[in-house]
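Take a look at the structure set out below.
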Amino acid sequence: MMKKYAKLIVTQGVNLQKGQELVIDASVENVELVRLIAEEAYQVGAKDVIVHYTDEKISRMRYDHCSIEHFQTVPQYLVELRNQYALKHAAYLSITSSDPEVMKGVDPLKISAWSKAVHQQCQIFYDHLDLGIDRWCIAGAPSVAWANKVFPDMSDKEAVQALWQAIFKATYCDVDDPVALWQQHRQSFEKRVQILNEKKIKSLHYTNSLGTDLTIGLNQGYLFAGGGSYTTDGIYSFPNIPTEEIFCSPNKDSVDGIVYSSMPLNYNGNIIDKFSISFSHGKIVDYHASEGYELLKSVIETDEGSHYLGEMALVPYDSPIRNMGILFYNTLFDENASCHLAIGKGFAECIEGGLEMNKQELFEKGINDSLIHVDFMIGTKDLSIVATLENGDEMIIFKDGNFAF
């Protein structure tokens, strides 16, 4: 199944083309999977595979012992690794496997400083990803620490094995031909996406028993997307493996009300839990958290754009990942078990002609811009979403946590 997973990541996740280079970011714990991915990449004709390994325990030591000034500058080798390969239109793969609590207790200002520095100094790299120029993918692989968090009553070996099985199930790699099933998976999104794009929706109203009461306005010419995405060269790929969401970018200035989180958010190895965020005319005006308040504050205060939403994603409560009954403590997986929103940058593909626009043009059309994009889960069993159409009619989008159409 790991070989199937590697093939899925290369052929569907980044959809690597013959003669293209592949850059991989991964933990040293995931070397076995990385080798299989590299082998698969070369088999489909990769020009080269460049691997950047990290060790989260050493990363934690760095945060504990280095000053905040250290995190305001990115080493030149990392800047060149990202920007130069972006200019060569390499595909980019990130393997996520971090301990959900690895950064617990770290000064959130250090984490924020590093996030800002990386996005500013590797701007070419991030622009190529954000504007749909280059293909990228995030996929998961177990680490011992992550597996122990998800399955605390098992031995290390049993927990890692159990997490692998959960990942294989979540990504449909427990079937004979995952690639064929992912093509069917892609088609399953298209009907609902078409309906949502044809309905000319003006706004969506979210309510549930947690206290969420939020109205989100859509842009003129909005586009919902689902499953995967096209890059500007017309090639389709899946940026997230797994994925169960249909998503859109809201009008950045048209979000009003309050929303409550429904699941913990793991942000750079720290947990933010039981939090609420209030909006007025699109901007975050208040927020609270039972756990991780200072980290939530540092996220929201990253820049001006991090005070606004960049994404709203529709995921049924009755989804394959939710039905597994596992809390992954990893946003890549948990966001596909719950409707979610994202603070920060919006998507060029979520407005008509967006892939031909620059950042300023997208911003003028209502698509938010920021150095960050942070998803948080809001879906519940009783979530209701009602759309108001441009003609004044209403349409029930979600009832009792699931699609109503």
Residue hits (the range 123-155; part of a loop (DSSP other than H, G, I, E, B) and acidic (Asp, Glu)) are Asp134, Asp153
Only one of (1) within 23 Å of Ser280 (Cβ to Cβ); (2) out of contact with any Gly (no Cβ under 9 Å at 6 or more places or on another chain) does not apply to Gln360, and that is (1)
Residues in the range 186-211 that are surrounded by fewer than 21 Cβ atoms within 10 Å (Cβ to Cβ), within 21 Å of His340 (Cα to Cα), in contact (Cβ under 8 Å) with a residue 12 or more places away in the chain and not small (Gly, Ala, Ser) total 12
Tell me whether the range 127-144 contains one or more residues that are more than 30 Å from Tyr230 (Cα to Cα), at pLDDT 95 or above and of a type outside the set (Asp, Glu). yes
Taking the range 306-334 and keeping residues part of a loop (DSSP other than H, G, I, E, B) and touching a residue at least 60 places away in the same chain (Cβ under 8 Å) leaves Tyr308, Val315, Pro316, Tyr317, Asp318, Ser319, Met324, Ile326, Leu327, Phe328, Tyr329, Asn330
Filter the range 231-260 for residues that are assigned to a loop (DSSP other than H, G, I, E, B) and small (Gly, Ala, Ser); the one that is farthest from Ala289 (Cα to Cα) is Gly234
Subset of the range 165-215, residues touching a Leu at 6+ places or on another chain (Cβ under 8 Å) and among the polar types (S, T, N, Q), comes to Thr171, Asn197, Ser203, Thr207, Asn208, Thr212, Thr215
From the option list Lys169, Lys252, single residue qualifying as in contact (Cβ under 8 Å) with a residue 12 or more places away in the chain, within 22 Å of the chain's Cα centre (by Cα) and within 21 Å of Leu131 (Cα to Cα) is Lys252
All-but-one check, Leu362 against (1) outside any strand (DSSP E or B); (2) closer than 30 Å to Asp273 by Cα, failing number (2)
Residue hits (the range 335-354; in a helix (DSSP H, G or I) and within 10 Å of the chain's Cα centre (by Cα)) are Glu335, Asn336
Residues of the range 267-305 being β-branched (Val, Ile, Thr), crowded, with 20+ Cβ neighbours inside 10 Å and part of a strand (DSSP E or B), in sequence order, are Ile272, Ile277
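The values are calculated or read from the model by the stated rules, or taken from the named source; none is laboratory data. Just so we're clear, the structure is a prediction, and the values are computed from it rather than from any experiment. Here the Cβ is made from the backbone with ideal geometry for all residues, glycine too, and neighbour counts use every protein chain on show.
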